[in-house]
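Presented below is the structure to which this report refers.
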Amino acid sequence: MTRCIWRGLLHATVVLLLSGCVGPQIAHPQLSVLDKGLSKAEAVSRLGLPPLSTHAASVTSRTFDFHRYRLNNGMFAELYLLAYEREKLIFWGYISEFRRQPDTGLNLALDMVLHEIIAVGQ
């Protein structure tokens, strides 16, 4: 019996240590609190977590800010981005979701900072 308890405690400790290495994460239910037009501060407040990093890019006369998060999908954490223009939230999602939306300026800006976003995340 004591052996099972120690095994359980060891397992729980390993899981906690490994999950701590992943860093802060948001979860799918938190995404429901996001709305287009939120300020950066409002989005951070609603998510309850600041971004892991921020990245800016300008395309023609438009400037975009990208906030990098990790989204726990139930199995592991994936790169997840929030995009702002003129200090307002305009789009959020996985990179593949950004690629499917029609705003070419936003996609060009993401292309400009994607290598930096990925490098910071490693």
Discussion item. Anything in the range 70-122 that is more than 14 Å from Gln25 (Cβ to Cβ), touching a residue at least 60 places away in the same chain (Cβ under 8 Å) and of a type outside the set (Asp, Glu)? List them, or say none.
Written reply: Trp92, Ile117, Val120
Discussion item. Go through the range 36-89 and report how many residues are over 14 Å from the mean Cα position of the chain (by Cα), at pLDDT 95 or above and not small (Gly, Ala, Ser).
Written reply: 11
Worksheet item: Phe66: outside any strand (DSSP E or B) and surrounded by 19 or more Cβ atoms within 10 Å (Cβ to Cβ), yes or no?
Response: no
Worksheet entry | Of residues in the range 39-57 being touching a residue at least 40 places away in the same chain (Cβ under 8 Å) and within 13 Å of Pro24 (Cα to Cα), the one most open to solvent (accessible area, probe 1.4 Å) | Leu52
Item to complete: Among residues belonging to the range 93-122 that are more than 17 Å from the chain's Cα centre (by Cα) and assigned to a loop (DSSP other than H, G, I, E, B), point out the one that is surrounded by the fewest Cβ atoms within 10 Å (Cβ to Cβ).
Response: Pro102
Worksheet item: Looking at (1) more than 23 Å from Ile118 (Cα to Cα); (2) modelled with pLDDT of 95 or more, can you tell me which one Cys4 breaks?
Response: (2)
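The values are calculated or read from the model by the stated rules, or taken from the named source; none is laboratory data. Being a predicted model, the structure only gives us computed values, none of them experimental. Methodologically, a virtual Cβ is constructed for each residue, glycine included, from the backbone with ideal geometry; neighbour enumeration extends over all protein chains shown. Side chains are part of the model used for accessible areas, which takes the heavy atoms of the whole protein and leaves out ligands, DNA and RNA. Shrake-Rupley method; radii C 1.70, N 1.55, O 1.52, S 1.80 Å.
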